[in-house]
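Contents: one structure, followed by commentary.
The values are calculated or read from the model by the stated rules, or taken from the named source; none is laboratory data. Note that the structure is predicted; figures quoted are calculated from it, not measured. FYI the Cβ positions are ideal-geometry reconstructions off the backbone, even for glycines, and counts take in every protein chain you see.
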Amino acid sequence: MHPAPSVIVFTALSGLGFGLLAFLGVNVPDVTGMTAFIFFFIAYALAVGGLVASTFHLGNPQRALKAFTQWRSSWLSREGVFAVLSLCVMGIYAACLIFLDLRLPVVGIIGSILSLISVYCTSMIYGQLKTVPRWNQPLTPFLFLAYAQTGGALLSGQVYLAAGLMVLLMILQYAHWTIGDTRLAAAGGTIEAATGLGHLGKVRLLESPHSGTNYLLREMAYEVGRKHAVKLRVIALLLLGFLPCALLVLTAPGHLSALVAIVLHVAGVFAARWLFFAEAEHVQALYYDRHRAA
Amino acid sequence: MNKHIQPDLDTSPKVSDEIRKTTCYMCACRCGINVHMQDGKVKYIEGNRDHPINRGVLCAKGSAGIMQHYSPARLKAPMKRVGPRGSGEFEEISWDEAFQIASDWMTPLREKHPEKLAFFTGRDQSQSLTSYWAQQFGTPNYAAHGGFCSVNMAAAGIYTMGGAFWEFGQPDWERAKMFMIFGVAEDHDSNPIKLGLSRLKERGAKIVGVNPVRSGYNAIADEWVGITPGTDGLFILSLIRELLAAGKVDLEYLIRYTNAPYLVNCDPESDDHGLFLYDNDGKPQVLDRATGEPLPFDQQGVKPELATNYTHKGTLYRPAFQLMAEKYLVDDYAPENVAERTGVKPDTIRRLAAELARTAFEEEIVINQPWTDFRGEKHDEMIGRPVAFHAMRGISAHSNGFQTCRALHLLQILLGSVEVPGGFRFKPPYPKPVTGHPRPHAKPVANSPLNGPHLGFPQGPEDLAIKANGTPARIDKAFTWENPMSAHGMMHMVISNAHAGDPYKIDTLFMYMANMSWNSSMNSRGVMDMLTDKTEDGEYVIPRIIYSDSYSSEMVAFADLILPDTTYLERHDCISLLDRPISEAEAMCDSIRWPVVEPDRDVRGFQSALIQLGAKMKLPGFVNEDGAAKYQDYADYIVNHERRPGVGPLAGWRGEDETGSGRGAPNPNQIDRYIENGGFYMDHIPEEALFYKPWNKAYQDWAVERGIFDAPSPYTFNIYVEQMQKFRLAAEGKGELQPPDHLREQLKMAMDPLPTWWQPFEEALVDGEEYPIHALTQRPAAMYHSWGSQNAWLRQIHGHNPLYVSGEIWEQHGFEEGDWAYLKSHHGEIQVPVVRMDALNPKTVWTWNAIGKRKGAWALDQDAPETKKGFLLNHLIHELLPPKGDGLRWSNSDPVTGQAAWYDLRVNIRKAPTPDNLQSEPAIAPQKSPVGQGPKNIRYGEDF
Amino acid sequence: MTTLPQSTHKKLGLAIDLDICVGCHACVINCKEWNTSNYGAPLSDQDAYGAEPVGTFLNRIHTFEVKAADKPAQTVHFPKSCLHCDDAPCVTVCPTGASYKRADDGIVLVNESDCIGCGLCAWACPYGARELDAAEGVMKKCTLCVDRIYNENLPEIDREPACVRTCPANARHFGDYADPDSNVSRMAAERGAVPLFPEQGTSPVNRYLPPRPKADIQTDGDIDILAPFLDTSGNGNTASGTSSTSAKGLLGWLDKALEAI
Ligand SMILES: Nc1nc2c(c(=O)[nH]1)N[C@H]1C(S)=C(S)[C@@H](COP(=O)(O)OP(=O)(O)OC[C@H]3O[C@@H](n4cnc5c(=O)[nH]c(N)nc54)[C@H](O)[C@@H]3O)O[C@H]1N2
Ligand SMILES: Nc1nc2c(c(=O)[nH]1)N[C@H]1C(S)=C(S)[C@@H](COP(=O)(O)OP(=O)(O)OC[C@H]3O[C@@H](n4cnc5c(=O)[nH]c(N)nc54)[C@H](O)[C@@H]3O)O[C@H]1N2
Ligand code: SF4
Ligand code: SF4
Ligand code: SF4
Ligand code: SF4
Ligand code: SF4
Ligand SMILES: [Mo]
């Protein structure tokens, strides 16, 4: 899939934002007043920023409100609904906390759960797609939730929890990649299956429907070189887990090391998210003879 | 909750305000179209269901007609050149000025040397007008594009059987049970062939594709014969040998309808060696089995011998059939001995011969329809041999093409499958004996019309266009000893001959509708140089060039004066029985175009412009006695011009009562009647006359009534072409008219009266080790030559063209996806992207034709893919063969007809580094666009 | 998954005959031509005369080469437009409800005035049958020419999709798969058509009629060949190598054959 900046920013930032909100809703860290305001501001900036970024991907953003209507069937719609719900609920919680110094634990917990559901919905936008076998695996929602929670823990200053989650995240991410590498084949993703011509022999594309490109190819036929991908995977793991984790565990806790850890992790998240899209093979590209098993 | 919600749709929206029915011209197939108009704009074009050619369907080009009509590359007004030739710098002028310039250039020529005007009309659908105009001007130098296109096919058909594939005939799609298609990618009959193939499939007929490339029609064929280019003649003669050896030929058919029994002079010493025995009435003689006496071939009840030695006045005669059988029943044509060259396995050849024989003779069709032949014999039924054939440039665009096409026709005739149910059928005005055609005329006289039509079918050396001093009379050297039967002229030789001043210098080159500086020439770069070359005193070697195009093509840049044509939706046209009509095997048909929209630019239909220019120059035929213009425009001419009394451009609704078909006085309402009828006219042939047309009395009488002939003209097919033997005799030193010595051997080989095969010339001359590969082009179904690239929709499909390389060559050279290659011929080298193809003859590479474009042409961006990755194979092909070492340069043409031998090209290939800029080579310097560049984004249809 | 109809009365769709499709792109362009000035927004083209022309099409033709060991490679032209799936994932993923499947005839459509152009439906389609129009920002797809097939302003015979009407090879057929006796149902049954890419679980309505088996040149040896008339054994089945045919043999045969006429 084409690693469009808007979707990378959307999923990465909103994940971090909702991850942080989920922590804030259960009172981690225990803050009020101005400090609370700063934490909530960061969380909202990330979550809302991500959502806004997602609208850059739309052909007709002015109609975005219509996207709330199909929650019965559409994960994208659900994602919108839950994002707004969690932002509202958490808004009430945050307002009370910041301005009234009033803690409403039930509202907070509900908000936290809604935030996690939002992340889950986001993950299911991708995880549901049979057409993208790499995404269409049970680990996808866990992976998204792990990203959100790790980011949340980091941003909320939970050093050891964050470090622990990072280890878990690295394992999950590695597993997602490894399983992901087998998914296209497992889904019967060959040009022979796609064309139904396999009984006649080996199939290859002789001539594309058009000599130039088209929407489908631009959007869905992205390919990264195997070597390049491996390199990026290593870098992503280093950035999102290994380095920040080492930093947190091996250095004295402090704002600077936390900040560096966050920066490293977020860079890792972006790298991993870029790969999440770039490596994902869409089956329709088989008709263009892309994604042939090497 | 679960309720399904869906919007209410208007499923009956208005389609259009009005439908105007005219004829497509996105190619030469000439399908009928319904043009849907809304608010005065063209909204949608679909096929006309009633139309005989396309019966409602429409190809990609036809549907993209809207984009062609609104193309940004349309010329806007007449122009005169202001920059150097080739630069594309022009100034728009008025039509009055344009006509004045043209007349100032041409009138003085006519007064002294009419031949100094060369008028060549390219892809012309109005040849009966343009040739008439040239004749009235008096220049011998006129032809259309046939010489570089497929004259081999046309001439071989006409000399052999009085008609040819495509325009002149068609397979019996409804009855054939086996169909072989040779060397066809698209052909002119684009939609009819597809409709026909689909009918064959529906009926379970077997389709065999003979083609080095398995694409298009060959992809859907039940069997693919991936023949090696240039060897079809051998393959066919091998089939013929197998059929003869098994006695699987239709003897009765051969005796009745062909010259197989004609007695041929077999005395090599005789002056008439190889000619037929005639009686005093000039009738060819056959030997009657009953009496042992020679009798006229058409005598009722004659029972001719097909093999005998007959001595007449001391001279030995034998039937043509016997000569043929002896020629082919030799080991040279045994399947084993042709297998290696053709790339077709011996067993495949044998099996195909057997399948042809079985289908023709064991699956015979009988139609209970009595008919009477030209001898007066009555037949109770029509017997069909349901094997049909079709072929096109794959066999004709070779230097052995004429004889290969002849071989194919001979195969058809031996199987008795021409003009019978299930076989091949002619379309009116064909069949027509070769002797019924005009012969060439080439004698200019100052200030007078030419002595007769330019083009025709020579019957012997006396018909050659050679001046008294032995030099060619025509600038293209058509109808000379080099290519005696060049029935369509040789447009591809005009520019190089004019540049060389050989056989003489010309003054004005007037061209219409041919992209001669680009894809329709061999050696495109050389042609560009010739067009821009100057003499020592700074004048262009070819002093003046007038050109008519509708669009900003590559050729426009090389003209001095541009006469801008309209698009096909803006003008009158007629697809006439005097020319190449749209007839079907079962009906005589013709059609028109008419302005369904008016031009919004200062352009004129070329035919109207030509008529007006003719009147301005006071050409006979275009002015009345008082010197006033005879016709206002083409529409006026179409209705009122009469070629013979009562016979004019259009056949339908003639005469005062509007009931004349083919014959009748001009009817001022004729065009309106055509428009009411959907743009065409159709007159069905009676049942009794539907088959056996050359010999069928009912057909002959019907054709005379329709003005197709003035008297019945039955004839027999020529398995043996006596006219060719006359040229051979001359080569042997007999007769008064003698060829130059250096051509004698070539003539003896080429003018064989029986089909034969020789190695393609280029192949014979180049080193086979150095150039081991055949290189071809094919027409893409969705593009028409160079025109398609200006079309925003079509160019997305074919914006550039890779070179398809056979799997074998691919592996041998270690190519990988995305690679580029150098492709080299004896003449040049190009650098192009390559793609692997396994369904391809192993010794062959090919590409789509005419996709590559010159930068600046067609209102495209300079970086358009057509100009970057796109390329032309033409840079590798030369109009002359590599030197033989005899000090002469021989032309790269068929030695019989002069047809350009495009597909003889031999090349070698090497891997090239992928160019950083992904630019194919050679890249020609840009031309300036006189029409600017097309808009960035478009949304056709937003107004509706 | 609530917004797909439980079932549809009709299942309108196409049968595409891979045995006769010659890859001419006629259906592609006629589809574009009809649809650019009918249902919904025009099908725009970007950089139309430029270096990278790209436009919206609802139907496209791929050309594949198929190679089995020991057989000559085969070329197959493969038209592709929306298959109007029964279990259309493109519909259920749509967040706005713009994508829907009609309950009465099963046509899958996009209601453009609701479409936000998120592209998710195109992601959900395994066949690559949806394209986002760059100018309008809405999703475009084959409408099965819903504005033709019921259109009372068209003569009855023309109430079929534009691509079907125009296909010169008659490789596209339109009909109702819910009716087992319809043209398309019968063709699909006779020719053993299978749903495209069943692994994707979309239950497509359109069917592809597979290419018929090609005459296999390998079997040459088994097929009767012509018996030379001079083959005195009279046994036609001699694959006799270079049979030494000669004109002499011909004469004897001719004599007899001509007697018979
Ligand atoms: N769409 C479209 N239609 C067109 C045109 C166009 O540009 N576009 N052009 C029109 C014109 S001007 C013409 S002349 C006709 C030409 O119509 P075609 O004759 O169909 O044209 P070509 O593309 O030249 O096809 C030649 C075919 O012969 C094959 N071939 C080459 N050499 C050999 C050989 O030695 N033996 C055999 N058996 N096959 C061989 C090639 O692979 C190719 O398939 O098409 C007309 N129709
Ligand atoms: N390598 C290679 N080269 C080939 C061939 C091949 O097979 N291989 N085939 C050869 C053959 S068979 C042919 S026929 C030629 C074809 O070659 P051309 O005849 O040169 O073909 P077109 O590109 O169709 O060019 C015709 C010109 O007519 C113009 N034109 C289009 N419509 C109109 C109109 O309505 N009025 C006027 N006045 N002009 C118009 C176009 O803009 C274009 O400039 O190419 C030949 N060249
Ligand atoms: S074949 Fe196509 S381009 Fe040619 S006349 Fe017919 S519809 Fe027009
Ligand atoms: S129009 Fe028919 S034959 Fe041509 S590509 Fe489309 S389906 Fe195939
Ligand atoms: S083919 Fe694709 S767009 Fe059409 S219904 Fe099926 S999934 Fe949806
Ligand atoms: S692009 Fe339009 S139709 Fe497709 S899912 Fe998004 S809103 Fe629905
Ligand atoms: S049914 Fe209509 S919209 Fe669909 S591919 Fe055919 S022409 Fe295009
Ligand atoms: Mo041609």
Among residues of the range B:299-330 being among the hydroxyl-bearing types (S, T, Y) and within 13 Å of another protein chain (Cβ to nearest Cβ), the residue nearest to B:D279 (Cα to Cα) is B:T308
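Taking the range B:277-296, which residues are basic (K, R) and more than 14 Å from chain C (Cβ to nearest Cβ)?
From the range B:277-296, those basic (K, R) are B:283, B:289; that's our starting set.
The one that is basic (K, R) and more than 14 Å from chain C (Cβ to nearest Cβ): B:K283.
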Inside the range B:733-760, the number of residues satisfying the requirement of being farther than 30 Å from B:V249 by Cβ and over 25 Å from the mean Cα position of the chain (by Cα) is 13
When the range C:52-84 is checked residue by residue, the ones that are among the β-branched types (V, I, T) and away from ligand 7 (no atom under 14 Å from the Cβ) are C:V54, C:T63, C:V66, C:T75, C:V76
Note on B:R795: of the conditions (1) crowded, with 23+ Cβ neighbours inside 10 Å; (2) among the charged types (D, E, K, R); (3) touching a His at 6+ places or on another chain (Cβ under 9 Å), unmet is (3)
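Of everything in the range B:355-380, what is part of a helix (DSSP H, G or I) and touching a residue at least 60 places away in the same chain (Cβ under 8 Å)? Give them in sequence order. Spell out the reasoning first.
Quick first cut of the range B:355-380, residues part of a helix (DSSP H, G or I) only: B:355-362.
Matches in the range B:355-380: B:E355, B:L356, B:A357, B:T359, B:A360, B:F361.
Assess whether A:A12 counts as being under 21 Å from A:A267 (Cβ atoms) and crowded, with 19+ Cβ neighbours inside 10 Å. Can you show your working first?
Details: under 21 Å from A:A267 (Cβ atoms): yes; crowded, with 19+ Cβ neighbours inside 10 Å: yes.
Judged against the criteria, A:A12 is a match.
Restricting attention to strands (runs of 3 or more DSSP E) lying wholly within the range B:169-240, give those where 2 or more residues are within 24 Å of the chain's Cα centre (by Cα). Can you show your working first?
Working: elements: B:169-171, B:178-182, B:206-210, B:223-225.
Strands (runs of 3 or more DSSP E) meeting the threshold: B:169-171, B:178-182, B:206-210.
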Check: Before we move on, is B:A689 out of contact with any helix residue (DSSP H, G or I) (no Cβ under 7 Å at 6 or more places or on another chain), aliphatic (A, V, I, L, M) and modelled with pLDDT of 95 or more?
Finding: no
Selection from the range C:141-172 of residues near ligand 4 (Cβ under 10 Å from one of its atoms) and assigned to a loop (DSSP other than H, G, I, E, B) yields C:C167, C:P168, C:A169, C:N170, C:A171
All conditions in (1) closer than 30 Å to B:A478 by Cα; (2) not in a loop (DSSP other than H, G, I, E, B) are true of B:N908 except (1)
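Hey, among the residues in the range B:494-512 that are within 16 Å of ligand 2 (Cβ to nearest atom) and in contact with a helix residue (DSSP H, G or I) (Cβ under 7 Å, 6 or more places away or on another chain), which one's nearest to the other protein chains (Cβ to nearest Cβ)? So that I can check it myself, show each step before the final result.
At the first step, the residues of the range B:494-512 found to be within 16 Å of ligand 2 (Cβ to nearest atom) are B:494-496, B:509-512.
Filter once more, so that each one left must be in contact with a helix residue (DSSP H, G or I) (Cβ under 7 Å, 6 or more places away or on another chain): B:495-496, B:509, B:512.
Numbers: B:I495: 29, B:S496: 33, B:L509: 30, B:Y512: 25 Å.
Checked the range B:494-512; the qualifying residue nearest to the other protein chains (Cβ to nearest Cβ) is B:Y512.
Can you work out which of the residues in the range B:914-930 that are part of a loop (DSSP other than H, G, I, E, B) and in contact with a strand residue (DSSP E or B) (Cβ under 7 Å, 6 or more places away or on another chain) is farthest from the other protein chains (Cβ to nearest Cβ)?
Residues of the range B:914-930 part of a loop (DSSP other than H, G, I, E, B): B:914-920, B:922-930.
Filter again for in contact with a strand residue (DSSP E or B) (Cβ under 7 Å, 6 or more places away or on another chain), leaving B:914-915, B:920, B:922, B:930.
On the way: B:T914: 16, B:P915: 16, B:S920: 13, B:P922: 20, B:P930: 15 Å.
Across the range B:914-930, the extreme among qualifying residues is B:P922.
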* To do: Considering every residue within the range B:521-539, establish whether at least one is free of Cβ contacts under 8 Å to residues at least 24 places away in the same chain and hydrophobic (A, V, I, L, M, F, W, C).
  => no
For helices (runs of 4 or more DSSP H) lying entirely in the range A:168-258, having 2 or more residues that are of a type in the set (D, E, K, R) and farther than 28 Å from C:D19 by Cβ picks out A:215-220, A:226-237
Result of the Cβ filter at 7 Å on the range B:902-918, keeping first residues that are assigned by TED's automatic domain parsing to the domain that holds B:D767 and within 30 Å of B:L881 (Cα to Cα) and partners that are of a type in the set (K, R) and more than 16 Å from ligand 8 (Cβ to nearest atom), at least 6 apart or interchain, is B:V907/B:K824; B:N908/B:K824
Among residues of the range B:158-179 being in contact with a His (Cβ under 8 Å, 6 or more places away or on another chain) and within 14 Å of ligand 1 (Cβ to nearest atom), the residue nearest to B:T897 (Cα to Cα) is B:F165
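Looking only at the range C:146-154, decide whether some residue is modelled with pLDDT of 95 or more, more than 10 Å from ligand 6 (Cβ to nearest atom) and buried (at least 24 other Cβ atoms within 10 Å of the Cβ). Explain how you work it out, then say what you get.
Quick first cut of the range C:146-154, residues modelled with pLDDT of 95 or more only: C:146-154.
Checking the rest, the ones that are also more than 10 Å from ligand 6 (Cβ to nearest atom) come to C:146-154.
Of the ones still in play, those that are also buried (at least 24 other Cβ atoms within 10 Å of the Cβ) are C:148.
Yes.
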Taking the range C:5-51 and keeping only residues that are outside any loop (DSSP other than H, G, I, E, B) and facing another protein chain (nearest Cβ under 7 Å), one is left with C:A26, C:V28, C:I29, C:N30, C:K32, C:E33, C:W34, C:T36, C:D45, C:Q46
Screening A:L104, A:L51, A:L58 for residues that are away from chain C (no Cβ under 14 Å) and hydrophobic (A, V, I, L, M, F, W, C) leaves only A:L104
Discussion item. Being farther than 27 Å from A:T190 by Cβ and either free of Cβ contacts under 8 Å to residues at least 40 places away in the same chain or within 16 Å of ligand 7 (Cβ to nearest atom) (or both) is the requirement here; does C:R172 meet it?
Written reply: no
Sole miss for C:D87 among (1) away from ligand 7 (no atom under 16 Å from the Cβ); (2) facing chain B (nearest Cβ under 8 Å) is condition (2)
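Please tell me if A:I42 is touching a residue at least 24 places away in the same chain (Cβ under 8 Å) and over 15 Å from the mean Cα position of the chain (by Cα). Give the derivation first.
On the way: touching a residue at least 24 places away in the same chain (Cβ under 8 Å): yes; over 15 Å from the mean Cα position of the chain (by Cα): yes.
Taking the combined requirement at face value, the residue satisfies it.
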Those residues of the range A:243-290 that are on the phi > 0 side of the Ramachandran plot and crowded, with 21+ Cβ neighbours inside 10 Å come to a total of 0
**Asked** Of the residues that make up the range C:72-79, is at least one hydroxyl-bearing (S, T, Y), within 16 Å of ligand 6 (Cβ to nearest atom) and at the interface with chain B (Cβ under 8 Å from one of its Cβ atoms)?
**Response** no
- Task: Answer yes or no: is there a residue in the range A:171-193 that is within 23 Å of A:F40 (Cα to Cα), in contact with a helix residue (DSSP H, G or I) (Cβ under 9 Å, 6 or more places away or on another chain) and buried (at least 23 other Cβ atoms within 10 Å of the Cβ).
- Result: no
Residue set B:Y512, B:Y504, B:Y547; condition free of Cβ contacts under 8 Å to residues at least 60 places away in the same chain, within 30 Å of B:V82 (Cα to Cα) and touching an Asp or Glu at 6+ places or on another chain (Cβ under 9 Å); output residue B:Y547
Discussion item. Criterion first (surrounded by fewer than 22 Cβ atoms within 10 Å (Cβ to Cβ), under 28 Å from B:G32 (Cβ atoms), of a type outside the set (D, E, K, R) and within 13 Å of the chain's Cα centre (by Cα)) does C:N170 satisfy it?
Written reply: yes
Of the residues in the range C:63-112 that are outside any loop (DSSP other than H, G, I, E, B) and among the charged types (D, E, K, R), the one that is farthest from ligand 1 (Cβ to nearest atom) is C:K101
